[in-house]
Amino acid sequence: MNRRARTRTLALLLFTLYCVLYGTFVLVAAFGTFHEGKATGGLSREAFAGLSWGVVGGFGLIVGAFLLALAYAFVARDEETGS
């Protein structure tokens, strides 16, 4: 497998991983806050420092996307050109 195919595969793998994480967050936000038609809290419950789980999870998704981008940039860089 050549380098271009390997980096393309890595990009698709990281993209799929992020989509699964984001989809899980959205499903929990949509369906985890209600039980038998009544609001039960879900992501609106306090996590820490007065922030809800929704805020913490959303910020975690942003940080996670940044870390995945750094991982891809590190792995996909070309050692010969340094870019």
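The values are calculated or read from the model by the stated rules, or taken from the named source; none is laboratory data. From a predicted model like this one, the values you see are computed outputs, not experimental measurements. With ideal geometry, Cβ positions are generated from the backbone for all residues, glycine too; neighbour counts draw on all protein chains shown.
For TYR72, the criteria (1) at pLDDT below 90; (2) surrounded by 14 or more Cβ atoms within 10 Å (Cβ to Cβ) hold in every case but one, which is (1). In the range 57-74, the residues that are more than 16 Å from VAL20 (Cβ to Cβ) form Cβ pairs under 8 Å with partners that are surrounded by fewer than 15 Cβ atoms within 10 Å (Cβ to Cβ) and hydrophobic (A, V, I, L, M, F, W, C), at six or more places apart or across chains, as follows: TYR72/LEU10; TYR72/ALA11.
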